1. In what sequence, highest mean first, do 78-88, 33-43 appear when ranked by Cβ atoms within 10 angstrom?
2. For segment 7-12, what does the Karplus curve 6.51 cos²θ - 1.76 cosθ + 1.60, with θ = phi - 60°, yield as ³J(HN,Hα) per residue in whole Hz, taken in order and with x for Gly and Pro?
3. Points 7 angstrom from Cα along the Cβ direction at residue 49 and residue 96: gap in nanometres?
4. Relative to the longest principal axis of the chain, what angle (0 to 90°, nearest 10) does the C-alpha long axis of helix 17-28 take?
5. What is the set of long-range amide H partners of residue 136 at a cut-off below 5 Å, with H atoms built 1.01 Å from backbone N?
6. Please list, by residue number, every one of the trypsin sites (Lys or Arg not before Pro) in segment 53-138 that is coil in DSSP and has at most 13 other beta-carbon atoms within 10 Å.
7. Output needed for segment 1-77: three equivalent-ellipsoid semi-axes, defined as square roots of 5 times the C-alpha gyration tensor eigenvalues, in descending order, whole Å.
8. Apply the Karplus curve 6.51 cos²θ - 1.76 cosθ + 1.60, θ = phi - 60°, to the phi angles in segment 117-124 and return the couplings in whole Hz, x for Gly and Pro.
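Values in this text are rule-based calculations from the coordinates and carry no lab data. Please read these numbers as outputs of a predicted model, since none were measured by experiment. Please note: Cβ atoms are built from the backbone with ideal geometry, for glycine as well, and neighbour counts cover all protein chains shown.
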Amino acid sequence: MAFQFSDLSILIVDDDPSIREITAAVLRKLELGRIDTASSGEEAFELFKKHNHSLIITDWQMEPIDGLELIRMIRRQDNGSPNAQVPVILSSGYCSDDAIEEIRASGVNELLVKPYSADDLIKRVVYVLNRPRKFIKIENYFGPDRRRRTSGEYEGPERRQGEESDG
């Protein structure tokens, strides 16, 4: 592996205490350096500012700040976020096409659909950590490149333009 689990810290965010505890118990098997938990987006952001975690796993549906708003706060660079490029896994049981579009637009790295198994959780964590995505910034988006495959052939600023341009 490209990293040592003992050097990593994870922040688990969920308003359901049993989900936080189960998730933490599963991740303890990886012998991580630090596991913190938070019951709200506000608490999570304060912990993240203090500890600059290596990875964040957050639920979507929380009050008053949900998981998507937490991700937006993390990705901003003008509000004290210590690492706008930290990998974030969002967990949700609500995954319609519209929801997935909203999730992708928030800057999430990966989606973990509830209910999920311990194996699914560990695989997703290892995947996100072993295969970091390049971050991009465009007019209304800052987050990981949504494309899973990249081509070494492309060299220009506009990926959808043809090879020759009239203008």
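1. Averaged packing, sorted descending, gives the order 33-43, 78-88.
2. 8, 9, 10, 10, 10, 9
3. That separation, rounded to one decimal, is 3.5 nm.
4. Once rounded, one gets 80 degrees.
5. The answer is 143, 145.
6. Here the trypsin sites (Lys or Arg not before Pro) that fit, given the DSSP loop and packing criteria, are 76, 134.
7. Values: eigenvalues 86, 47, 17 Å².
Sorted largest first and rounded, they come to 21, 15, 9 Å.
8. Taking θ as phi minus 60°, the curve returns 8, 4, 5, 4, 4, 5, 4, 5 Hz for segment 117-124.
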